[in-house]
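Below is one structure; the comments refer to it alone.
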Amino acid sequence: MPRVIPEPSFRRYSALKGAPPRGIELNMDSLDPVNADNLLNSSKPKSITTFTNRPSRDEAMAAVRTLLAWAGDNPDREGLLDTPKRVVEAYDEWFQGYAADPAKELSRTFEDVQGYDDMVMLREIDVESHCEHHMAPFLGKAYVAYMPTEKVVGISKLARVVEIFAKRLQTQETMTKQIVDAIETSLAPLGVAVMIDAEHQCMTTRGVHHKHVSTITTRFTGAFKTDQALQDRFMRLAQK
Ligand SMILES: [Zn+2]
C-alpha cells in the first residue's frame with residue numbers, strides 16, 4: 001500500500017497564487033524505514049506519488065518563524081529577521097535532489113570499453129544528506145561499484161546519482177537501495193555494490209548522544225552477491 005500524502009491545507013492558496021506544479025517524484029516505498037532487512041528483502045512493488053502542492057516561499061518562511069518561536073526565541077529580534085529567508089534558501093540547496101532525475105544522469109552510456117571486464121568503482125563520494133525522521137544532517141562517504149557488461153557510464157554520473165538521492169529526505173538504508181536500483185535499471189550491469197558509511201547528527205547531538213558512531217549500510221546485487229571473492233575485493237578497496 002502506498003503511503004497517503006495528506007492533502008496540504010495550503011493547496012488552494014498555492015493554486016490562487018499560480019504556483020507552478022513542481023512535478024516532484026517521491027519514492028514512497030511503504031517499508032519500515034528503520035528495518036534494513038525488511039527493506040532489502042521486500043518484493044513489494046514501488047509506488048511513485050507525484051507531489052505538486054508545494055507551498056509558496058512566503059509560506060515556507062512563515063513556517064521557519066513558527067519554528068524559531070517554538071525553539072523559544074523571538075523571530076522579530078534583529079539577529080533573526082533574515083533567518084527565515086536564509087533557511088529557505090538553504091533548503092533549496094539541501095533538497096535540490098527532488099528536482100533531479102537519477103535515470104537521466106545515467107542515460108548517456110558508452111559502449112566502447114575495449115574489452116574492459118572488471119569492476120568500476122568510485123571511492124569516498126561525499127554524502128551530505130538529511131534523515132527523514134528528524135531532518136537532521138547525516139554526513140559520510142559512499143562507495144559505489146558496478147560490473148559493466150558492454151555499457152559503461154561517465155564516472156562522474158555515479159557520484160551525481162549519490163548526490164541526487166542524498167539531497168532528498170530518506171534514511172541511509174533506503175538511500176543505499178535507491179542508488180543500487182538506479183544503476184541496475186539504467187545500466188543493467190552484471191552486479192552493483194554500494195556501501196555508505198555516515199554519522200547521523202540525530203544520534204550524535206541528541207537522543208542517545210553517541211559521538212563518533214557511524215552507520216554502515218551495504219547492498220550487493222548480481223556478481224557482487226554471488227561471488228564472495230568479488231564482494232571481498234570491493235570491501236577491501238572501500239576500506240583502504
Ligand atoms: Zn534521524
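The values are calculated or read from the model by the stated rules, or taken from the named source; none is laboratory data. Source: prediction; values computed, not measured. FYI the Cβ positions are ideal-geometry reconstructions off the backbone, even for glycines, and counts take in every protein chain you see.
Tell me, please, whether a residue that is outside any helix (DSSP H, G or I) and buried (at least 22 other Cβ atoms within 10 Å of the Cβ) can be found in the range 223-232. Scanning the range 223-232, I find no residue that is outside any helix (DSSP H, G or I) and buried (at least 22 other Cβ atoms within 10 Å of the Cβ), so the answer is no. Here Asp181 meets each of (1) under 20 Å from Phe234 (Cβ atoms); (2) not in a helix (DSSP H, G or I) with one exception, condition (2). Within the range 207-220, restricting attention to residues that are out of contact with any helix residue (DSSP H, G or I) (no Cβ under 6 Å at 6 or more places or on another chain) and among the polar types (S, T, N, Q), the residue that is surrounded by the most Cβ atoms within 10 Å (Cβ to Cβ) is Thr218. Filtering the range 53-72 for residues that are surrounded by fewer than 12 Cβ atoms within 10 Å (Cβ to Cβ), at positive phi and at pLDDT 95 or above leaves a non-empty set.
Considering each residue of the range 213-240, count those that are free of Cβ contacts under 8 Å to residues at least 40 places away in the same chain and farther than 17 Å from Ala142 by Cα, and give that number. Number of matching residues: 5. Take the conditions (1) more than 18 Å from the chain's Cα centre (by Cα); (2) closer than 29 Å to Val113 by Cα; (3) within 16 Å of the ligand (Cβ to nearest atom); Thr176 misses just one of them, which is (1). Restricting attention to the range 183-212, and to residues there that are within 20 Å of Gln231 (Cβ to Cβ) and within 18 Å of the chain's Cα centre (by Cα), which single residue is nearest to the ligand (Cβ to nearest atom)? Ranking the candidates gives Ile196 first.
Only one of the numbered conditions (1) at positive phi; (2) modelled with pLDDT of 95 or more; (3) not aliphatic (A, V, I, L, M) is not met by Thr171, and that is (1). Specify the residue that is nearest to Asp101 (Cα to Cα); the eligible residues are those in the range 197-218 that are in a strand (DSSP E or B) and touching an Asp or Glu at 6+ places or on another chain (Cβ under 9 Å). In this case the residue turns out to be Thr217. Taken together, the residues in the range 105-162 that are surrounded by 13 or more Cβ atoms within 10 Å (Cβ to Cβ), part of a loop (DSSP other than H, G, I, E, B) and hydroxyl-bearing (Ser, Thr, Tyr) amount to 1.
Do you know which residues across the range 120-159 are more than 14 Å from the ligand (Cβ to nearest atom), charged (D, E, K, R) and in contact (Cβ under 8 Å) with a residue 60 or more places away in the chain? Arg123, the sole residue that qualifies.
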